[in-house]
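**Student:** Got a structure for you, questions after.
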Amino acid sequence: MAAPPLPAVAIVGRPNVGKSTLFNRLLARRHAIVSDVPGVTRDRLQVPCEWGGREFLLVDTGGLVPGETEPLTVQVRRQAERAIAEAQVVLFLVDAAAGLTPQDAEIADVLRRRDRPVLVVANKVDTPQLEAGAYEFHALGLGEPIMVSAAHGLGIGELLDAVVAVVPDAEPVETEAEAAVGVVFLGRPNVGKSSLVNALLGEERVIVDARPGTTRDATDTPLLYDGRRVVLIDTAGLRRRSRVDDGVEYYSTRRAQDALERADVAVLVIDAREGIADQDQRIARMVYEAGRASVIAVNKWDLLSGHTPEQVRRVAQERLRFLGKVLVVPTVATQRRGIEPLMAAVLRAAQARATRIATGPLNRVIAEALGAHNPPADPAGRQLNIYYATQPTTRPPTIVLFVNDPRLFTDGYRRYLEGRLREGFDLAGTPLRWVPRRRRPAASARTTR
């Protein structure tokens, strides 16, 4: 995995002291999900933050609960401990309204053994009385507490000044010619999205639990794969809108949709035992309409018997035919099987989405298609004439057709031309956009039918 070039500043503390609220306030935007319910944040979130011309990686973590043995809580704690180990600066957030607690003292004991700067941040200091009481956190032995109210934005500038005073400079990195490929993992709950991300990274970067709904925020993780920079984005499971029954799940769904907007390729993860459900088709349609490339990962392949990969590909092509040519890869995330073919398909789809077809070859394919199958005509007998084609933009490839009447360009003929174009060029995995424009041809170029 490619180490982030920015120094990391991790926010840690016990549950429900306001870590995600502070995270959002420092970023000056809502990135992490905030709720009064303890334990909403589970995975590590990391986003670049800038203050006074200095840039660092801000890391939000789940609540630390020392001594807890419940499996999901243990995984959350491990993620927070890993964030502490990888950070150059730690913001230890405590709750001034609740006062000093035994849990705070236990966490402070862990942090004192770490060889890195720790800033104690007393949150929820909304009144002078709370400010006076917050000095009891001196007893933690980690220095004078910095008073803030993350909810109201009080003391945030002073906190950021203190952070940039101790954070080391970012290590210089060489400029890379190619931008990172954003890869978002989407799917219904509990199909193995987080397991696939962890299999790619070779470490437990995101929390995996048998219960659906473990992932809530969209988590971005950089990766250097076969010389290519990639950002993996794990997301919450997407259920039908009518079944999204609480505020946390609503915002988790919004985060997944926002994550799609910053991705180049979406990996739609399917449970091999359940096949492609109606909700999978809805998610695939969302990816298509967003103009993102797609790859279908049929996960838990080891639990499916009596079917060949080719049979599954045919079914996927039929049920998701609106995607064009579908790239399907069987995977077993828990055994790291299918990971290399999956990433090969992802990079192929990303390349297809960035394809630019030269005008000459594009018009030759269009002309051959016209010769093989006449364009449609309306009830009055007026037939579609296509004079010229060009591709002005990529991501996804957009084809502009200059025609006699855009209303004559039917969906059926669009699908036909798209099929011929995909036969001539490697456009597997990417959607295409077609824009018919009215133009009267020059007299010498005008065709009649």
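**Student:** Listing 325, 193 from the residue with the fewest other Cβ atoms within 10 Å to the one with the most, what is the order?
**Tutor:** 325, 193
**Student:** So, in nm, how far is label residue 135 from label residue 47 when the simple model puts each one 7 Å beyond its Cα toward the Cβ?
**Tutor:** The two pseudo-label positions are separated by 3.6 nm.
**Student:** Please list, in order along the stretch 291-307, the HN-Hα scalar couplings obtained from phi with the Karplus expression 6.51 cos²θ - 1.76 cosθ + 1.60 (θ = phi - 60°), rounded to whole Hz, x for Gly and Pro.
**Tutor:** Computed from phi, the couplings for the stretch 291-307 are x, 9, 6, 9, 9, 9, 9, 8, 8, 6, 4, 5, 8, 9, 10, x, 10 Hz.
**Student:** Counting other beta carbons within 10 Å of each residue's own, what order do 229, 353, 420 fall into, fewest first?
**Tutor:** Starting with the residue having the fewest Cβ neighbours, the order is 229, 420, 353.
**Student:** May I ask you to derive the FRET efficiency for residue 106 and residue 28 from their Cβ-Cβ distance with R0 = 51 Å, giving the value to the nearest 0.05?
**Tutor:** FRET efficiency, residue 106 to residue 28: 0.95.
**Student:** Obtain the nm distance between the two label points defined at residue 70 and residue 278 by a simple spin-label model: each point lies 7 Å from its Cα along the Cα-to-C-beta direction.
**Tutor:** About 3.4 nm separates the two model spin labels.
**Student:** Please grab the % of Cα pairs in the stretch 359-438 that end up more than 19 Å from each other.
**Tutor:** Roughly 30 percent, once rounded to a whole number.
**Student:** Tell me, what is the FRET efficiency for residue 414 and residue 340 to the nearest 0.05, using R0 = 51 angstrom and their Cβ-Cβ distance as r?
**Tutor:** 0.90
**Student:** Turning to a different aspect of this structure: Note down the Stokes-Einstein diffusion coefficient of the stretch 8-166 in µm²/s, whole number, using a Kirkwood radius over alpha carbon pairs, 20 °C, and 1.002 mPa s.
**Tutor:** Using the Kirkwood radius from Cα pairs, D works out to 139 µm²/s.
**Student:** Let me ask another. Tell me, Kirkwood radius of the stretch 89-194 from alpha-carbon pair distances, in Å?
**Tutor:** Over the stretch 89-194, the inverse of the mean reciprocal pair distance is 16.7 Å.
**Student:** Continuing with the same structure: Suppose every Lys and Arg Cβ carries +1 and every Asp and Glu Cβ carries -1, with no other charges. What dipole size does the stretch 97-150 come out with about its Cα centre, to the nearest 20 debye?
**Tutor:** 220 debye
**Student:** Next up: Need the list of lysines near residue 124 for cross-linking: C-alpha distance under 26 angstrom, and skip anything on the same chain fewer than eight residues off.
**Tutor:** The reachable lysines, counting only those whose Cα sits under 26 Å from residue 124, are 19.
**Student:** Counting only residues 5 or more places away or on other chains, whose amide H sits under 5 Å from the amide H of residue 182 once H atoms are built in the peptide plane?
**Tutor:** The answer is 231, 264, 265.
**Student:** Something else now. Treating only the Cβ of Lys, Arg, Asp and Glu as charged (+1, +1, -1, -1), what charge dipole size does the stretch 8-166 show about its Cα centre? Round to the nearest 20 debye.
**Tutor:** The calculated dipole for the stretch 8-166 is roughly 420 debye.
**Student:** Would you mind pulling out the separation of the Cα centroids of the stretch 298-371 and the stretch 401-418, in Å?
**Tutor:** The distance from the Cα centre of the stretch 298-371 to that of the stretch 401-418 comes to 25 Å.
**Student:** At 0.36 nm per residue, and after removing the present C-alpha to C-alpha distance, how many nm does the segment from residue 358 to residue 115 gain when stretched out fully?
**Tutor:** Stretched fully, the residue 358-residue 115 segment lengthens by 81.8 nm.
**Student:** Of 304, 315, 330, which is farthest along the charge dipole of the stretch 293-341 in the positive direction, counting Lys and Arg as +1 and Asp and Glu as -1 at C-beta?
**Tutor:** So the residue furthest toward the plus end is 315.
**Student:** What ranking of 302, 280, 220 emerges when the number of other C-beta atoms within 10 Å of each C-beta is taken as an exposure proxy, fewest first?
**Tutor:** The fewest-first ordering by Cβ neighbours comes to 302, 220, 280.
**Student:** Also: So what's the projected area for the stretch 256-411, the Cα convex hull averaged over all directions, in nm²?
**Tutor:** Its average projected convex-hull area is 11.8 nm².
**Student:** Calculate, for residue 390 and residue 224, the FRET efficiency according to 1/(1 + (r/R0)^6) with r their C-beta to C-beta distance and R0 30 Å; round to the nearest 0.05.
**Tutor:** After rounding to 0.05, the efficiency reads 0.25.
**Student:** Let me ask something additional. Check which residues have an amide H placed less than 5 Å from residue 154's amide H, if you skip close sequence neighbours.
**Tutor:** HN-HN under 5 Å from residue 154: 149.
No value in this document is a laboratory result; all are computed from the given coordinates. What you see is a predicted model, and the numbers here were worked out from it, not measured in a lab. We place every Cβ from the backbone using ideal geometry, glycine too, and count neighbours over all the protein chains shown.
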